[in-house]
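Data block below; observations after.
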Amino acid sequence: MPGLLRGIARTAVVAGTATAVSNRVSRRQAERWQQQGRDPSGEQAPVEQESAPRYQEPPPPPQPDMVQQLKDLAELKDQGILTEEEFAAQKARILDNA
């Protein structure tokens, strides 16, 4: 009989320890979720407007300088890299985008 009581006591201690550890982990996880703005059920909790970081659209990239593009294009034509037809097509593209 003492062996049986010892086994039952050991099982009770192990189960109690496991329950305590599990509860502590659950509490810690809930605290982390709360800090991240979620409720423990995993859904997004409502966040106050003042504390919520707002997404800002990045500014549009600067438009390339049309005059500089035309100068670069003319330089390529003068160097013989572009033909007259290629120069005219690229020039029309630059002027259409303006």
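The values are calculated or read from the model by the stated rules, or taken from the named source; none is laboratory data. Since the structure is predicted, the reported quantities are computational estimates derived from the model, not experimental observations. Please note: Cβ atoms are built from the backbone with ideal geometry, for glycine as well, and neighbour counts cover all protein chains shown. Ligands, DNA and RNA are stripped out before the accessible areas are found, and what is left, the full protein with its side chains, is counted by its heavy atoms. Shrake-Rupley method; radii C 1.70, N 1.55, O 1.52, S 1.80 Å.
Highest-first packing order for the peptide set 69-80, 20-31 is 69-80, 20-31, based on the mean count of other beta carbon atoms within 10 Å.
Judged by the gyration tensor of its Cα atoms, with axes a ≥ b ≥ c, the stretch 59-98 is prolate; a/c meets the 1.5 cut and a/b is the larger of a/b and b/c.
Peptides 81-88, 56-63, ordered by how many other C-beta atoms sit within 10 Å of their residues on average, highest first, read 81-88, 56-63.
Computed over protein heavy atoms with a 1.4 angstrom probe, the accessible surface ordering of ARG6, ARG54, largest first, is ARG54, ARG6. Extension gain for ARG24 to ILE8 (0.36 nm times residue separation, less C-alpha to C-alpha distance): 3.3 nm.
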